[in-house]
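Written out below as structure tokens is the structure these notes cover.
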Amino acid sequence: MSKFYITTPLYYVNASPHIGHAYTNIISDCMARYRKLKGENVFFLTGTDEHGEKIREAAQSKGEDVKRFADRVVENFKHLWKKLNTSYDFFIRTTDSFHEDVVKRAIMKLHQKQDVYKAKYEAFYCVPCESFWTESQVKDAGSCPSCKRQVQKIEEENYFFRLSKYENWLKKYIKEHPDSVRPKIRYNEVTGFLENNTLEDLCISRPKKRVSWGIDFPLDDNYVVYVWFDALLNYISAAGYGVNEEKFKSLWPADIHFIGKDILRHHAIFWPIMLHALELEPPTTVFAHGWWKIGEEKMSKSIGNIVNPLELVQKVGVDAVRYFLLREVPVGMDGNYSWTVIINRINGDLANDLGNLVFRVLNMTEKYFERKVEGKTTDKPPPQFQSFVGALDLKERYTKHMDNVEFSSALEGVWVFINVMNKYIEETKPWTLRKENKTDQLRHFIWSLLEGIRIASIYIFPFMPSTALSIARQLGRLIDEKDIFLEAKGACDVCWAPGKPFEIKKESPLFPRIDVD
Ligand code: MSP
């Protein structure tokens, strides 16, 4: 069985999560569930980034001990991931002692290879980004080039990782691996950066007199490890690096790191070089998604325009939130968060198209066949059945889009199929078949719609797991959540060959319409 190792970034615990954070975990969960449906052995990792000055400052502002503060915020993240129905396999915290050990051992190994050295350093430091910038970078931008906030000038001795030594290796590697950074626009951004800049060595320590909250630097008691160097290593420590070699071998390299576009430099430049220096393979793909914005501004706590995902889930339900985020924009592009668009998606795609289809077909099954339908090979389709033909390559298109992280297009394809079914009902007018006593045709009609809905529910599962399971239950096909995987096994083809009977059990409508007022 092939493996699929998928990660989210580790979220800073200085504040509670917002829709932007929720988005990364939802796309990762969608991919994880899809890969599980395909029968792959998925390891889905998420977690929290807990060291550094801004976390300490956040704890201090609340008058709390840093670790206790982090423990509390971590619970908010875990609670949200549960409410959003994300199926992660492991939650790593950078304060976990096994991770701290890996970070220390990695630095020792790099030091033995003479890839770590001590030197005097002068630069501009941005606390919110936990990043150093050169004088010219700050001059060009007038402030922090990333977040536009004030930077501090800093002069100190520090430890450095020889990033520059591996610059040529990285250039060659990226050139030979066009899928190592996706989408294309981000790949071009990385290759452009490498062409126009010379890589400087990376400062990987912080003096304790300035930054006290971090992993002790293994070579020198006066320092802690730079948060980014610490955090990136989570992807290997969670996979068992240095502790459980068998597990590590079975998981590494990661298949996909989902990140936001603002942390591309760290993941596409620092990280592969760190791995290469540690004699490990780089991840197969770093996939950077866009930002959720309100108007023209990125949604962020510091701007103060955040949307609380828990409140949204409470208002419209978890699957509607997941659907909106996954359908509205292709993964990679920026999205505009808007209440009007959410309502249109819920009332249009979910209540009208999908909800009504399921409701109508279940009602007809109840009315015409007393809840139970078994397809027969001798049944003749009504003439309008031809309209289904257009949907026959659904599986191929769906798989291609899902494999390519084109979630929005995959959903679009499923909705074409859903509306083909709606049109089929309109055109066939089943009540006339009933009136004319064409029982064979009516049975074929209902059975094939139930089968179509069953197939659609499997395709919907990665996006809206609860809805998919509810549909499968109502079709009489589900006792346990894992049955969806059995249903998916080789059973997603639109082949219309009579198979198992359906014995329906109606539940309340899937998506009640939202009153716009
Ligand atoms: N701790 C680092 C990541 C370390 S990974 C080894 C970090 N944390 S963060 O909490 O600031 O951001 C986590 C993720 O949330 C990033 O991928 C970031 O892009 C994403 N988002 C934060 N705001 C966002 C939006 N408004 N929209 C979409 N995603 C955004 O960076």
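The values are calculated or read from the model by the stated rules, or taken from the named source; none is laboratory data. Every value quoted in this text rests on a predicted model; they were computed, and no experiment measured them. Positions of Cβ are generated from backbone atoms using ideal geometry, with glycine treated the same way; all protein chains shown enter the neighbour counts. Surface accessibility is based on the protein's heavy atoms, side chains included, excluding ligands, DNA and RNA. Shrake-Rupley method; radii C 1.70, N 1.55, O 1.52, S 1.80 Å.
Brief remarks on what is shown
- The set of residues in region 214-261 that are more than 13 Å from the ligand (Cβ to nearest atom) and basic (Lys, Arg) comprises Lys247, Lys249.
- Residue check: Trp291 meets all listed conditions (1) open to solvent by 20 Å² or more (accessible area, probe 1.4 Å); (2) at pLDDT below 95; (3) within 16 Å of the ligand (Cβ to nearest atom) but one, namely (2).
- Inspection of region 386-394 identifies no residue that is surrounded by 22 or more Cβ atoms within 10 Å (Cβ to Cβ) and modelled with pLDDT of 90 or more.
- Tally of residues being within 12 Å of the ligand (Cβ to nearest atom) and either surrounded by fewer than 17 Cβ atoms within 10 Å (Cβ to Cβ) or over 30 Å from Thr340 (Cβ atoms) (or both) across region 263-288: 10
- Comparison of Asp101, Asp89 shows that the only residue that is charged (D, E, K, R), open to solvent by 20 Å² or more (accessible area, probe 1.4 Å), over 26 Å from Asp220 (Cα atoms) and touching a residue at least 12 places away in the same chain (Cβ under 8 Å) is Asp89.
- Set Val405, Val420, Val414: member being open to solvent by less than 80 Å² (accessible area, probe 1.4 Å), outside any helix (DSSP H, G or I), among the hydrophobic types (A, V, I, L, M, F, W, C) and within 29 Å of Leu37 (Cα to Cα): Val405
- Entirely in region 150-239, the helices (runs of 4 or more DSSP H) that have 1 or more residues that are open to solvent by 10 Å² or more (accessible area, probe 1.4 Å) and without any contact (Cβ under 8 Å) to a residue 60 or more places away in the chain: 167-176, 184-196
- Among the residues of region 117-149, the ones that are within 34 Å of the chain's Cα centre (by Cα) and touching a residue at least 60 places away in the same chain (Cβ under 8 Å) come to 9 in all.
- Which numbered condition Pro207 misses (of (1) modelled with pLDDT under 95; (2) within 11 Å of the ligand (Cβ to nearest atom)): (2)
- Counting the residues of region 29-81 that are crowded, with 18+ Cβ neighbours inside 10 Å and small (Gly, Ala, Ser) gives 6.
- Any hit, region 334-352, residues being in contact with an Asp or Glu (Cβ under 6 Å, 6 or more places away or on another chain), within 16 Å of the ligand (Cβ to nearest atom) and either touching a residue at least 40 places away in the same chain (Cβ under 8 Å) or among the small types (Gly, Ala, Ser) (or both): yes
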